[in-house]
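Okay, structure first, notes after.
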Amino acid sequence: MAVNTPKALRNMVMYQIFVRNFSEEGTFAKVSEKLDGIKELGTDIIWLMPIHPIGSKARKGTLGSPYAISDYRAVNPEFGTIDDFKALVENIHARGMKCIIDVVYNHTSPDSVLAGEHPEWFYHKADGSFGNRVGDWTDIIDLDYSNKELWTYQIDTLKMWAEIVDGFRCDVAPLIPLEFWLKAREEVEAVHPGCIWLSESVEPGFITYMRGRGMNALSDSEIYQAFDLCYDYDVYGRFRDCLSGKGTLASYAEAINRQEYIYPDNYVKLRFLENHDQARAAFMIPDKRALRSWTAFTYFQKGLALVYAGQEYAADHAPSLFDKDDVFGEDSDGKRRLCPKGQRITLTPTADGITATAYEDDKTDPQFIPLMQKLAEIKRDPLFTDSVYTVKAQDEAFLTATHEKDGRKALGVFSVKGRSGYVAVDFPDGFYRDLISGESVEVFRGGVMCSGAPIILITG
């Protein structure tokens, strides 16, 4: 574990934005216009997905993936200028939030600046042509970190951006040598002390697949030496299995509990229900009561909570990475899209052009916003900073979790199937105020009645 990783990251909330799809215009300036609402959600850190120019060669879709970068040291002109980007970061800072950007160092687009100027810095196939080690990533070519000149260039680039932003989310970081990340962290720290490092750690199956092919793939335990946070993909598969019925809730709880003793004392996991690589939570969990409990559990967990733009409205459509797919507006082809007020829009051709009509839709739920605001407030309690954390499953319908430290204890009860019922809990008998609803809750003889809504109690 990075020795200077602050446990206070466990009290924080991160909000993920893809600039292209965050507004109809898809610009830095339009992100700035929505910062107040993002801040009100309880956000501490904004993560901007790649802000750099996208390659033209071998593009996927009409606009290309933001992860097929052509120039690490420039901004995508579709989003605005470098001054527009700096203004956005200044606006984020003015509201007391931090900003991190995506770092995609495993690969570039085939027509990148580096591919043209330094072809020797890339992986080459047996025939000498550019290539990549993961076949379905057809729009990129891999870099080769056996060349130390590449290390210097990449670290210098990080130091350049560290003068503007507060940290980095590093794409498929386990595929890059650990020694590179350790050196990068050390040098960036001199430019921006306290820089935040988030690793997109990968699924266990992907690690074994890559290692089986003789390629580098770092485990979470290795990646934690250089990073402050990593994804909880080590348990995400168990979560998906619970939803599909392929696995048990008890197996998921056991995997979470294992994190408490296999990682260092100051480990911080990025806790999420969804991100840009996964299905929307509302798509996987259509029952709104169950979704509210899963949302509350994500915030209650030991770690930093992630919100993917649109999740606060229970959006069920995962925006495309390769085409224009506005999360909050409407499409020219008349597809319904989520609106900022939790409505939907339909487009109707008329003699005067196209008329946009907004209407309420039960697939969106603006009530998730006050829930998330309350959960972010609860998460600020110092008890969640440093505690003994335990999760238990009951009847494949309820998760209970506790945080304990210095005589204080927090209890969370989460009806992950949206059911009501009696739940056994490890908590002192008595009457308590539920921190989510504000209502009185009785714990009697080691049990509590759950109406189907999440419950959080704290004593001591």
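Annotations
- Cβ separations smaller than 7 Å between residues 6+ apart or across chains give the following pairs from segment 182-208 residues that are within 15 Å of Val103 (Cβ to Cβ) to residues that are of a type in the set (D, E, K, R) and in a helix (DSSP H, G or I): Glu187/Lys159; Val188/Lys159; Val191/Lys159; Cys195/Glu189; Trp197/Arg185; Ser201/Asp220.
- Subset of segment 308-323 that is among the charged types (D, E, K, R) and either assigned to a loop (DSSP other than H, G, I, E, B) or open to solvent by 30 Å² or more (accessible area, probe 1.4 Å) (or both) - its residue that is modelled with the lowest pLDDT: Asp316
- Selection of first residues in segment 443-460 that are farther than 23 Å from Leu291 by Cα and of second residues that are part of a strand (DSSP E or B) and of a type in the set (Lys, Arg), restricted to Cβ pairs under 8 Å at least 6 apart or on distinct chains, gives the following pairs, ordered by first then second residue: Thr459/Arg408; Thr459/Lys409; Gly460/Arg408; Gly460/Lys409.
- Residue count, segment 126-155 (criterion: in contact with a helix residue (DSSP H, G or I) (Cβ under 6 Å, 6 or more places away or on another chain) and β-branched (Val, Ile, Thr)): 1
- Test result for Glu117, modelled with pLDDT of 95 or more, loosely packed, with under 13 Cβ neighbours inside 10 Å and not hydroxyl-bearing (Ser, Thr, Tyr): yes
- Residue match in segment 268-280 (condition: within 21 Å of Ile196 (Cβ to Cβ) and among the basic types (Lys, Arg)): yes
- Residues (outside any helix (DSSP H, G or I), under 29 Å from Leu150 (Cβ atoms) and open to solvent by 10 Å² or more (accessible area, probe 1.4 Å)) located in segment 81-102: Thr81, Lys98
- Within the option set Ala184, Ala190, being at pLDDT 95 or above, part of a helix (DSSP H, G or I), of a type outside the set (Phe, Trp, Tyr) and buried (at least 23 other Cβ atoms within 10 Å of the Cβ) holds for one residue only, Ala184.
- Residue in segment 253-264 that is in contact with a Leu (Cβ under 7 Å, 6 or more places away or on another chain) and within 25 Å of Phe414 (Cα to Cα) present: yes
- Top-ranked residue in segment 405-460 [being within 32 Å of the chain's Cα centre (by Cα) and of a type in the set (Asp, Glu); ranked as surrounded by the most Cβ atoms within 10 Å (Cβ to Cβ)]: Asp434
- So Ala162, is it closer than 25 Å to Val89 by Cβ and either over 20 Å from the mean Cα position of the chain (by Cα) or surrounded by fewer than 22 Cβ atoms within 10 Å (Cβ to Cβ) (or both): yes
- Identity of the residue in segment 193-222, among the β-branched types (Val, Ile, Thr) and modelled with pLDDT under 95, that ends up farthest from Leu9 (Cα to Cα): Thr208
- Long-range neighbours under 6 Å by Cβ, at least six apart or interchain, first residue without any contact (Cβ under 8 Å) to a residue 40 or more places away in the chain and under 26 Å from Arg59 (Cα atoms) within segment 141-154, second surrounded by fewer than 19 Cβ atoms within 10 Å (Cβ to Cβ) and not small (Gly, Ala, Ser): Ile141/Phe130; Asp142/Tyr123; Asp142/Arg133; Asp144/Tyr123; Tyr145/Pro177; Tyr145/Phe180
- Looking across segment 265-287, the residues that are open to solvent by 50 Å² or more (accessible area, probe 1.4 Å) and either of a type in the set (Lys, Arg) or closer than 29 Å to Lys7 by Cβ (or both) come down to Asp265, Asp277.
- For beta carbons closer than 8 Å, sequence separation of 6+ or different chains, a first residue in segment 267-279 that is more than 23 Å from Ala8 (Cα to Cα) and in contact (Cβ under 8 Å) with a residue 60 or more places away in the chain and a second that is aromatic (Phe, Trp, Tyr) and surrounded by 20 or more Cβ atoms within 10 Å (Cβ to Cβ), the qualifying pairs are His276/Phe18; His276/Tyr308.
- Options Thr402, Thr390; residue that is among the polar types (S, T, N, Q), over 21 Å from the mean Cα position of the chain (by Cα) and open to solvent by 30 Å² or more (accessible area, probe 1.4 Å): Thr390
- In segment 8-26, the qualifying residues are those that are open to solvent by 30 Å² or more (accessible area, probe 1.4 Å) and more than 18 Å from the chain's Cα centre (by Cα), and the one that is farthest from Ile164 (Cα to Cα) is Glu24.
- Screening the candidates Ala279, Ala253, Ala290 for the property of being more than 27 Å from Ser387 (Cβ to Cβ), under 21 Å from the mean Cα position of the chain (by Cα) and among the small types (Gly, Ala, Ser) yields one hit, Ala279.
The values are calculated or read from the model by the stated rules, or taken from the named source; none is laboratory data. All values derive from a computational prediction rather than experimental measurement. We place every Cβ from the backbone using ideal geometry, glycine too, and count neighbours over all the protein chains shown. Accessible surface areas use protein heavy atoms only, side chains included; no ligands, DNA or RNA. Shrake-Rupley method; radii C 1.70, N 1.55, O 1.52, S 1.80 Å.
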